[in-house]
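**Student:** Just passing along the structure, written as structure tokens.
The values are calculated or read from the model by the stated rules, or taken from the named source; none is laboratory data. Worth saying up front: this structure is predicted, and the values here are computed from it rather than measured. Cβ placement follows ideal geometry from the backbone for every residue including glycine, while neighbour counts extend to all protein chains displayed. The protein model used for the area step is the full one, side chains on, heavy atoms only, and it has no ligands, DNA or RNA in it. Shrake-Rupley method; radii C 1.70, N 1.55, O 1.52, S 1.80 Å.
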Amino acid sequence: MPERRTVALVTLGCARNEVDSEELAGRLEADGWQLVEDAADADVAVVNTCGFVEAAKKDSVDALLEANDLKDHGRTQAVVAVGCMAERYGKELAEALPEADGVLGFDDYSDISDRLQTILSGGIHAAHTPRDRRKLLPISPAERQESAASVALPGHAPVDLPDGIAPSSGPRAPLRRRLDGSPVASVKLASGCDRRCSFCAIPSFRGSFISRRPSDVLNETRWLAEQGVKEIMLVSENNTSYGKDLGDIRLLESLLPELADVDGIERVRVSYLQPAEMRPGLIDVLTSTPKVVPYFDLSFQHSAPNVLRSMRRFGDTDRFLELLDTIRSKAPQAGVRSNFIVGFPGETESDLAELERFLTGARLDAIGVFGYSDEDGTEAATYDNKLDEDVVAERLARVSRLAEELVSQRAEERLGETVHVLVESVDGEDGTYGRAAHQAPETDGQVLLTSGEGLSVGRIVEAKVVGTEGVDLVAEPLPGSSVCSEEAAR
């Protein structure tokens, strides 16, 4: 019997890419490939790249080059690029990076097994010429669902499949294979974006906004629960738009309670929310539904009106603060995070001071700060009033220092609070770590529990915050604090 072909998936970028990698893994496993964790042990190393900003693209190139080095020292015979950077640049990336044996776009995902076999056998699969994926679906959101079947949408694979990789009991498996044993998993709610922010290239290579059907989201969540997942995080480029192409812009409000009712799921988290699209009803559901955590990942980007208009966004400092006040009036312990761009073309010292005013008053739990850089194909790249690179760097350092101070202060405000911690790692030497309801995976800090006795990964425990370490918390488990109930998410 011939030895099974082996493949490793290396994932960079956001949680959306993680979902896409697990879909690719499901497709490959269903076609007989053996998945291995270490690229050095694989015949083919597939690098799921990020194409968002320059730093992420550099990380993707570095990962491809690192995987290519394995061809001289290990089992690896081929290195293949997939993901956003591969889709965005296609043939251009293939020519600029000959170390990659293949560059596959989203249209190749359904035939990923054949593509890898061709490359592994020494054949050549010509990289695609990139195109604006916004043009693949109708302009009218209401007309998109009928056309969706003809467009590659990573992470939207159907859930009701023939028997094969499905578990022996429970729901049919999605075309997905988990790549780790974490009690947390992301579920793709939609793909693409209809917003036209002047700094962002994502819609051009991810396409127009299109929702997954609620039944697929629910069935995938049920399957994940059977795999031991306790928390799901709903991801897309813009979750607040969910349902608009299905005829119901309030579909998320009705879907969230159904997801929270899935047996085995203890927490439901929603990411990627647009401030300008927040609705009173959505705030109510996010702050009052058992097992749905009051967590708000709000994409503010800036707060100075002039800068926001140049970004083709909406709002200002006072309106944003009012939104936060509304949220906290309903859920005082709600978690809020956001990202910001400094040094945007035309940004003045007064604009920067306005952003600092907002940050100081916002009491955010986590803050990401990025210095502006041109992105190919964006409107902002054509602006004339660019700031010098050293000015952008100085403002980035200045706001980053302020952000670090402010999130530490916000963490200190939680001293004495009772939090519900999802245990994610238990190590006798390194300690027991998890996350409270206000902390999303990877981005928002973590909780160090002062005692891990009797705890296991996936448990939710009630604990009192007794210390802080920057954005991180230190918490003491309360006696008899194992929680697996509706209260776990509040």
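**Student:** Cut-off under 20 Å on the C-alpha distance; same-chain residues fewer than 8 positions from residue 330 excluded. Which lysines are left, in chain and number order?
**Tutor:** 291
**Student:** Taking all protein chains in place and a 1.4 Å probe, what share, in percent, of the accessible surface of the chain do carbon and sulfur account for? If you can, show how the numbers build up before the last one.
**Tutor:** Working: 9610 of 20400 Å².
Answer for the chain is 47 percent, counting heavy atoms of protein chains only.
**Student:** Next question, about the same structure. If you take the beta carbon distance between residue 277 and residue 4 as r and set R0 to 45 Å, what does 1/(1 + (r/R0)^6) give as a FRET efficiency, to the nearest 0.05? Could you put the intermediate results ahead of the total?
**Tutor:** Values: r = 47 Å, r/R0 = 1.04.
According to the calculation, E is roughly 0.45.
**Student:** Here's another thing I want to ask about it. Rg and Dmax in Å for the chain, alpha carbons only: what are they?
**Tutor:** 22.6, 71
**Student:** At 7 Å along the Cα-to-beta-carbon direction for both residue 379 and residue 110, put a label point, then send me their distance in nm to one decimal.
**Tutor:** Label at residue 379, label at residue 110, 3.4 nm between them.
**Student:** Show that you can apply the helix-only estimate: for the chain, add -39,500 (n - 2.57) for every DSSP H stretch of four or more residues, divide by all residues, and state [θ] at 222 nm to the nearest 500.
**Tutor:** Working: 14 runs with 154 residues, N = 490.
Rounded to the nearest 500, it is -9500 deg cm²/dmol.
**Student:** Let me have the relative contact order for the range 1-138, percent, based on Cα pairs under 8 Å that are six or more residues apart.
**Tutor:** Value for the range 1-138: 22 percent.
**Student:** How much net charge surrounds residue 284 when only the other residues with a Cβ under 10 Å from the Cβ of residue 284 are counted, with Lys and Arg +1 and Asp and Glu -1?
**Tutor:** Working: positive: 279, 330; negative: 253.
Net charge in that neighbourhood comes out at +1.
**Student:** Then there is this: If packing is taken as the mean number of other Cβ atoms within 10 Å per residue, what is the order of 207-220, 69-82, 311-324, highest first?
**Tutor:** Values: 207-220: 20.9, 69-82: 18.9, 311-324: 17.2.
The packing order, highest mean first, is 207-220, 69-82, 311-324.
**Student:** A follow-up question, please. Say each of residue 69 and residue 95 gets a label point 7 Å from the Cα, pointing the same way as Cα to Cβ; how far apart are those two points in nm?
**Tutor:** Each label point is offset 7 Å from its Cα along the Cβ direction, giving 2.9 nm.
**Student:** If packing is taken as the average number of other Cβ atoms within 10 Å across a peptide's residues, how do 244-255, 86-97 rank, most packed first? Before the final figure, lay out each step's value.
**Tutor:** Values: 244-255: 18.1, 86-97: 20.1.
Result, highest mean first: 86-97, 244-255.
**Student:** Another question, then. Rounded to the nearest 0.05, what FRET efficiency do residue 306 and residue 404 give with R0 = 30 Å and r taken as the Cβ-Cβ distance? Could you check? Don't jump to the answer; show the numbers that get you there.
**Tutor:** Working: r = 26 Å, r/R0 = 0.87.
So, using R0 = 30 Å, E works out to roughly 0.70.
**Student:** Taking a 22 Å limit on the Cα-Cα distance, which of the listed pairs 58/91; 71/188; 91/386 fall beyond it? Provide the component values of the computation, followed by the final result.
**Tutor:** Working: 58/91 17 Å; 71/188 34 Å; 91/386 30 Å.
The answer is 71/188; 91/386.
**Student:** Counting alpha carbon pairs within less than 8 Å and at least 6 residues apart, what relative contact order, in whole percent, applies to the range 263-414?
**Tutor:** On the way: 208 pairs, mean separation 32.5, N = 152.
Averaging sequence separation for qualifying contacts and normalising by length gives 21 percent for the range 263-414.
**Student:** Further question: Could you check the spin-label model distance between residue 321 and residue 248? Points 7 Å from the Cα along Cα→Cβ, value in nm.
**Tutor:** Between residue 321 and residue 248, the label points sit 3.8 nm apart.
**Student:** Around residue 425, with a cut-off of 13 angstrom between Cβ atoms, what is the net charge of the other residues, counting Lys and Arg +1 and Asp and Glu -1? Can you show the working numbers first?
**Tutor:** Numbers: positive: 435, 459; negative: 180, 424, 427, 429, 430.
Neighbourhood net charge equals -3.
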